[in-house]
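Down below is the structure, laid out as structure tokens.
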Amino acid sequence: MKLLQVLNGKAVWPPPVWLMRQAGRYLPEYKATRAKAGDFISLCLNPVLATEVTLQPIRKFGFDAAILFSDILILPMALGQELRFAEGEGPRLPPLSSLSGLSLEKAPGIYAAVMQTVANLRAALPPETALIGFAGGPATVACYMLDGQGGGDFPRTRRLAYENPGFVTDLLDMLTEATIAYLQAQVDAGADCLMLFESWAGIFPAAQFRNLVIAPNRRIVAALKARNQDIKIIGFPRLAGLMLGEYVRETGIDAVGLDTVTDITQAIQACPPNTIFQGNLDPLLLRLGGPAMEHAVRRLLASVQGRPHIFNLGHGITPDVPEQNVARLMEIIREN
Ligand code: 1CP
């Protein structure tokens, strides 16, 4: 598996490639399967259909890795918080004001469905395609649990972090333990490596970034590595800015996802030597295609030549991306 070779520090060329949200609404076959499932959550919790949508982009484009089809908010749902996806508006949860009533035993069926999908996937995927298991980072998941929705800068979470830090820390402790168990179960079910999505890491000031993002991520990495000698974990502290180097150093993560705004050459300087990067092509370029995309892809490839690198976007694919641009992207990378 090229992805695992890179995560083990080998400079594979051309680099392995996968795309965040590679299973999604830009693919007509995804929309058809989602319609069959009824709604997004039912799709996530149906092992047969979730396996199918995970495999669709692998069949079509031959990515080097598949990512479990699920969502970071399935974990709060498994812990007992209500979750719904309002059509066209994203997730909605009742904003949390106490931890009572949340526990991993709350909804074991949810947990079991996800693990069944992981097992189906490992059995169905070609041996050269790595299976990535994932969870949201505790700070990012807490943002949705406390604010009840995305779309802004999580004002309730930001206030609570100052006004009731004990509550926020208790929630993060609980989520950290739940995330360790959830990711361990994915490894046991067949995930080849893991990714932690700290998509909203960048909303916190430095001191909170250390307590709420770095410390829980470090605990998760340490616990999983203590139990699984060779497990590799990719972190994605989106919009971490100048905190990126500290994040990589302190968490012990094996590779780090770069958002769109980060200059990869500066990231190389800010992080420990031999840090492995993933990303950071602007998703808008994948929508636009043509010379702008081709130029940026070649420039990114040139800047990582000779390094272990995972080709990806700086954030997820948007539903308006034409499929032929994804096919062209793969051609450019593979003709290198
Ligand atoms: O309508 C649909 O079909 C739903 C769109 C969709 C999809 C395809 C959502 C709703 N989630 C997903 C799948 C998903 N989400 C995956 C599957 C694997 C793949 O990449 O192919 C993964 C890994 C995620 C992770 C996720 N969910 C993140 C972290 C990554 C990121 O994008 O920053 C976050 C923040 C979420 C929350 C979420 N789920 C869905 C939406 C619209 C949102 C974001 C809401 C917001 O803007 O705050």
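For region 94-161, how big is Rg over Rh, using alpha carbon atoms and the Kirkwood form of Rh? Let's see the in-between values first.
Working: Rg = 16.4 Å, Rh = 14.7 Å.
Radius of gyration over Kirkwood radius for region 94-161 works out to 1.11.
For labels at ARG92 and ARG25 in the simple 7 Å Cα→Cβ model, what's the distance in nm?
1.6 nm
Let me understand the chain better: what is its radius of gyration from the alpha carbons, and its Dmax, in angstrom?
18.8, 55
Less than 18 Å apart at the alpha-carbon level, and either on another chain or at least 8 residues along: which aspartates and glutamates does that give for LYS225?
LYS225 reaches GLU177, ASP188, ASP192, GLU250, ASP254.
Taking every DSSP beta bridge that has both residues in the chain, what percent is antiparallel when rounded to the nearest 5? Display every interim value, and only then the final one.
Numbers: 3 of 28 bridges.
Bridges in the chain are about 10 percent antiparallel.
Tell me the mean residue ellipticity at 222 nm calculated for the chain from its helices only (DSSP H runs of n ≥ 4, each -39500 (n - 2.57), averaged over every residue, nearest 500). Kindly include the intermediate steps, with their values, before the conclusion.
Working: 15 runs with 163 residues, N = 336.
Calculated at 222 nm, the ellipticity per residue is -14500 deg cm²/dmol.
Can you tell me the length gained on complete extension of the stretch ILE268 to ALA32, counting 0.36 nm per residue apart and subtracting the Cα distance? Write down the numbers at each step before the final one.
Values: separation 236, 0.36 × 236 = 84.96 nm, distance 4.14 nm.
Taking 0.36 nm per residue and subtracting the Cα distance, the gain is 80.8 nm.
Ordered by packing density, taken as the mean number of other Cβ atoms within 10 Å over each peptide's residues, highest first, how do 232-240, 219-227 rank? Don't jump to the answer; show the numbers that get you there.
On the way: 232-240: 24.7, 219-227: 17.0.
Listed from highest to lowest mean packing, they are 232-240, 219-227.
In the structure shown, do any of LYS2/LYS31; LYS31/LYS232; LYS60/LYS232; LYS2/LYS232; LYS10/LYS60 have a Cα-Cα gap over 24 Å, and if so which?
Details: LYS2/LYS31 30 Å; LYS31/LYS232 32 Å; LYS60/LYS232 26 Å; LYS2/LYS232 13 Å; LYS10/LYS60 27 Å.
Those over the limit are LYS2/LYS31; LYS31/LYS232; LYS60/LYS232; LYS10/LYS60.
Can you compute the modelled spin-label distance between TRP13 and ARG156, with each label point 7 Å from Cα toward Cβ, in nm?
For the pair TRP13/ARG156, the computed spacing is 5.2 nm.
Calculate the all-directions average of the projected area of region 81-204's alpha-carbon convex hull, and give it in nm². Please list the in-between numbers first.
Values: hull surface 34.3 nm².
Averaged projected area of region 81-204's Cα convex hull equals 8.6 nm².
For region 1-107, report the translational diffusion coefficient in µm²/s to the nearest whole number, using Stokes-Einstein at 20 °C, 1.002 mPa s, and a Kirkwood Rh over Cα pairs.
Numbers: Rh = 15.9 Å.
It comes out at roughly 134 µm²/s.
According to a simple spin-label model (label point 7 Å from Cα along Cα-to-Cβ), what is the distance in nm between ASP230 and GLU250?
Once both label points are built, they end up 3.2 nm from each other.
Computed from the coordinates by the stated procedures, all read-outs in this text should not be read as laboratory data. What you see is a predicted model; the values in this text were computed from it and never measured. No Cβ is skipped: glycine too gets one built from the backbone with ideal geometry, and neighbour counts run over all protein chains shown.
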